[in-house]
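Right, one structure below, let's go through it.
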Amino acid sequence: MTKKIDCRTLECPAPVLKTKEFLEQEAVTEINIIVDNDAAVENVTRFLNFQGFEVSVDSDGIISTVSGQRTPEKAKKLETDSGPVKTKKESDSQKILVILSSQQIGKGNDALGQKLMINFVKTLKELGNDLWRLVLLNHGVKFSIKNSKILEELKELELSGVDILVCGACLTHLGLMNEKVIGETTNMLDVVTSMQLADKVINL
């Protein structure tokens, strides 16, 4: 029997948390999650993928149903899985998490602050393999859209293996969901778990 979870009217990260809580209680093989915003569609889809589900989405433009199917073997194996966050290889010496919640560093002169932030991101590659994950929150998500002044630098970091997570609720609030061209749409569960797993957190 297909299990159904109604997450309409719920904002990030509630749909993912509700789905996670349900899956921790029952090793289901078929599940439908009903949501009413694009951020929830992307976040729930990604979470189900990491839980071993094959995922499809049916939408009328307002209400979407995210459907997942997996084999009983995968359901049993992943029953106690902690969630969607990917971990780095144990051989790596450090996992540095960088959180950008603004397009500028500091307060005072906005133009200077923006220039400092751009220079900071362009210099991040100097961290080498220790740079693990980059999270974009609030107005920091604007770095992930078309015409971003650091888009090429972000592409280079992503190609080098750095995870780039972009807040889905922030994209939705700012009307930028369809403008994102890099990174994975994420939710606060991913952000909190990333902070827990990281050896060092840099928050700007």
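The values are calculated or read from the model by the stated rules, or taken from the named source; none is laboratory data. These figures come from a predicted structure and were not determined experimentally. As a convention, Cβ positions derive from the backbone with ideal geometry for all residues, glycine included, and neighbour counts pool all protein chains shown. Just the protein is used for accessible areas: all its heavy atoms, side chains included, with ligands, DNA and RNA removed. Shrake-Rupley method; radii C 1.70, N 1.55, O 1.52, S 1.80 Å.
Only one entry in VAL141, VAL191 is out of contact with any helix residue (DSSP H, G or I) (no Cβ under 8 Å at 6 or more places or on another chain), open to solvent by less than 10 Å² (accessible area, probe 1.4 Å) and under 23 Å from PHE47 (Cα atoms), namely VAL191. Annotation note: of THR65, THR80, THR29, THR71, the sole residue that is of a type in the set (Ser, Thr, Tyr), at pLDDT 95 or above and open to solvent by 30 Å² or more (accessible area, probe 1.4 Å) is THR65. Taken together, the residues in segment 15-26 that are open to solvent by less than 60 Å² (accessible area, probe 1.4 Å) and either of a type outside the set (A, V, I, L, M) or over 14 Å from VAL66 (Cβ atoms) (or both) amount to 4. Among the residues of segment 24-62, those that are farther than 24 Å from LEU176 by Cβ, of a type in the set (Asp, Glu) and touching a Lys or Arg at 6+ places or on another chain (Cβ under 9 Å) comprise GLU26, GLU30, GLU54.
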